[in-house]
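Reviewing the structure listed below.
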Amino acid sequence: MTPRQRVLLVEDNAADVEFMLESLHGLGLVHDVAVARDGVEALRALGLEPVGGEPPAADRLPRLVILDVKLPRLDGLEVLARIKRHPATREIPVVMFTSSNLRRDVALGYHNGANSYVQKPVEFARFREVVRQLGQYWLSLNEPPPIEPGTGGDA
């Protein structure tokens, strides 16, 4: 059985935050969901802001970051680029979960290192099912990176 784990949810829409929290906790795989309401809060949660900050110990980093594109103060594409540039956070899977399906945003998301790009469904039942599928894949099926970045793990 997969241990329960941490997720960083970066979302400014209060209704989407509630839907996501309900859906993620319903999986039984997540024990801690930190919510950042803008890009600067997201970087602070990861120890990447202020510039030169120290990220938390590897075992305290989130297993997954779910990141919206359109955020106040610092957009999700820039947050993604900074996450993927920093050695302590670059291996954390980042799922862009956003209402934007603009070709430019999708292309920049992948260019900046997104592990997945998913458009948010409008209908609640579908939204919940998509979150369930994302959670199952990234938190249960997908093998996480080793705790020590770049080490290849114990095996």
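The table below gives the values:
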| item | result |
| --- | --- |
| Scan of the range 114-133 for residues that are acidic (Asp, Glu) and either surrounded by 13 or more Cβ atoms within 10 Å (Cβ to Cβ) or in contact (Cβ under 8 Å) with a residue 24 or more places away in the chain (or both), ordered by number | 129 |
| Residue 31 vs. criteria within 24 Å of residue 141 (Cβ to Cβ) and modelled with pLDDT under 95 | yes |
| Among the candidates 11, 78, residue that is modelled with pLDDT of 95 or more, of a type outside the set (A, V, I, L, M, F, W, C) and under 11 Å from the mean Cα position of the chain (by Cα) | 11 |
| Among (1) out of contact with any strand residue (DSSP E or B) (no Cβ under 8 Å at 6 or more places or on another chain); (2) surrounded by fewer than 18 Cβ atoms within 10 Å (Cβ to Cβ); (3) of a type outside the set (Lys, Arg); (4) without any contact (Cβ under 8 Å) to a residue 40 or more places away in the chain - the single one residue 136 does not satisfy | (4) |
| Close pairs (9 angstrom Cβ cut-off, 6 or more residues apart or separate chains): without any contact (Cβ under 8 Å) to a residue 24 or more places away in the chain in the range 95-108, hydrophobic (A, V, I, L, M, F, W, C) and in a loop (DSSP other than H, G, I, E, B) anywhere | 102/69; 106/114 |
| Members of the range 40-62 found to be within 26 Å of residue 132 (Cβ to Cβ) and either at pLDDT 85 or above or among the hydrophobic types (A, V, I, L, M, F, W, C) (or both), listed by number | 41, 42, 45, 46, 61, 62 |
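The values are calculated or read from the model by the stated rules, or taken from the named source; none is laboratory data. The structure displayed is predicted, hence computed values, not measured ones. Please note: Cβ atoms are built from the backbone with ideal geometry, for glycine as well, and neighbour counts cover all protein chains shown.
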